[in-house]
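Structure first, commentary second.
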Amino acid sequence: MAELRAAGPLRLRSRDPRRRDARGPGKSRRAPLPAVSAPLDVVLFDYGHTLIYFDERPHATLVDAYGKVNRLLGDTLKREVPAAQVLIEKVSRAVDDEIQRDYAAGRPEEVEIATIYDTALRGLGLELEPDMIEQVMELEQEGWLNSVHVGPDVIGTLEALRGHGLRLGLVSNAAYRPRLMKQQLAALGLADFFDAVSFSSEVGVRKPHPAIYADALRKLAADPSRTLFVGDRVREDVQGPQAQGMRAVLTREWRQEDDPGVADFVIQRLGELPAIVERMGPGRAGPIPIMR
């Protein structure tokens, strides 16, 4: 997921999770693979448009967040500061635009988010100490969280996989501080499912750079040949993991990225994943319940 800002993509709209691909649930155009010899120990997940989907952030929520920023800066600087709407236009949207440009350029290194905020704030004549910039980012993310939703099949799928001995990890391209991202996972009720998380803001590079996958595998002491990667982007979540020796599932539940036929499996919703894991032969006893 090469698109996360704070909690997710940069103002991306997602389709209604109730909508399905025209083929319907489970109607992948690719035939299921036979069970493979190496049992499965670990499943790694992308984050945005794999486990969560996004509303377009309500304007009222953003105004509320930057109203808090306005008061914080006024109290700290002891002078009049730009109104919330000006801060939205000149800081929040400017930061979004800069991150988008950097991602579009294809640089493997993750941006330094605080530097981008600092530049935008200085453009308004606001020179802040680093700890104050961190507070501005945190206030914006409180507003952003209201537009993030856990997918309908996610909790049941994660419970099923964890309940049968599989270790789970998260690998996400996210420009914001790992601390803020982990707070978001906790707020959404997802943090306890994962044995390890790897954010590009922590590792320093984005998927599909090998280092971010290596970080997750290292944290889980995982063998790539016994690891499955699940995500919505071909380059970052299929080809990148495959290049490191993992198998990959392309999910098309919210993002309909063209499938060039390279994924080991293609699913239309996350609830189809337990059946694939069962086919691959996870290293534990007992069947994983298949979500309907």
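Throughout, read-outs are computed from the coordinates displayed, never taken from laboratory work. These figures come from a predicted structure and were not determined experimentally. So basically every Cβ, Gly included, is an ideal-geometry build from the backbone, and we count neighbours across all protein chains shown.
Can you compute 3J(HN,Hα) from phi for each residue in the range 188-193, using the Karplus curve 6.51 cos²θ - 1.76 cosθ + 1.60 with θ = phi - 60°, rounded to whole Hz and x for Gly and Pro?
Values, residue by residue: 8, x, 10, 4, 6, 6 Hz.
Using 7 Å Cα-to-Cβ label points, what is the residue 243/residue 129 separation (nm, one decimal)?
4.3 nm
Would you kindly derive the ³J(HN,Hα) couplings of the range 46-53 from the backbone phi angles with the Karplus curve 6.51 cos²θ - 1.76 cosθ + 1.60 (θ = phi - 60°), listing them in order in whole Hz, with x for Gly and Pro?
Ordered by residue, 3J(HN,Hα) equals 5, 10, x, 6, 10, 9, 10, 10 Hz.
Quick query: amide H of residue 205 versus all other amide H atoms, modeled in the peptide plane; which residues come in under 5 Å with a sequence gap of 5 or more or a different chain?
110
Find the eigenvalues of the gyration tensor of the Cα atoms of the range 241-280, then list the square roots of 5 times those eigenvalues as equivalent ellipsoid semi-axes, largest first, in whole angstrom.
Semi-axis lengths for the range 241-280 are 16, 15, 7 Å.
Which order results if 49, 164 are arranged by neighbouring Cβ count within 10 Å, fewest first?
Fewest to most other Cβ atoms nearby, the residues stand as 164, 49.
Cα atoms only: what Rg and Dmax, in Å, come out for the range 59-145?
Values for the range 59-145 (Cα only, Rg and Dmax): 12.9, 41 Å.
Non-local amide H neighbours of residue 44 (under 5 Å, H modeled in plane, Pro and chain starts lacking H): which ones?
Long-range HN contacts for residue 44: 169, 228, 229, 230.
What is the set of long-range amide H partners of residue 251 at a cut-off below 5 Å, with H atoms built 1.01 Å from backbone N?
Long-range HN contacts for residue 251: 231, 232, 267.
So between residue 218 and residue 89, what do we pick up on full extension, going 0.36 nm a residue minus the alpha carbon distance?
42.3 nm
Just tell me which lysines come within less than 18 Å, Cα to Cα, of residue 68; anything on the same chain fewer than 8 places away is out.
Qualifying lysines at Cα under 18 Å: 78, 90.
Determine how many Å³ per residue the convex hull of the Cα atoms of the range 170-217 encloses.
61 Å³
Convert each backbone phi in the range 267-280 into a coupling constant with the Karplus relation 6.51 cos²θ - 1.76 cosθ + 1.60 (shift: θ = phi - 60°), then list the ³J(HN,Hα) values in order as whole Hz, x for Gly and Pro.
After applying 6.51 cos²θ - 1.76 cosθ + 1.60, I find 10, 9, 8, 5, x, 7, 5, x, 5, 5, 4, 4, 4, 7 Hz.
At what distance in nm do the modelled label points of residue 104 and residue 150 sit from each other, each positioned 7 Å from its Cα along Cα→Cβ?
The modelled label-to-label distance comes out at 3.5 nm.
Using a Förster distance of 30 angstrom, determine the FRET efficiency expected from the C-beta separation of residue 79 and residue 119, and round it to 0.05.
That pair, residue 79 with residue 119, gives E of 0.90.
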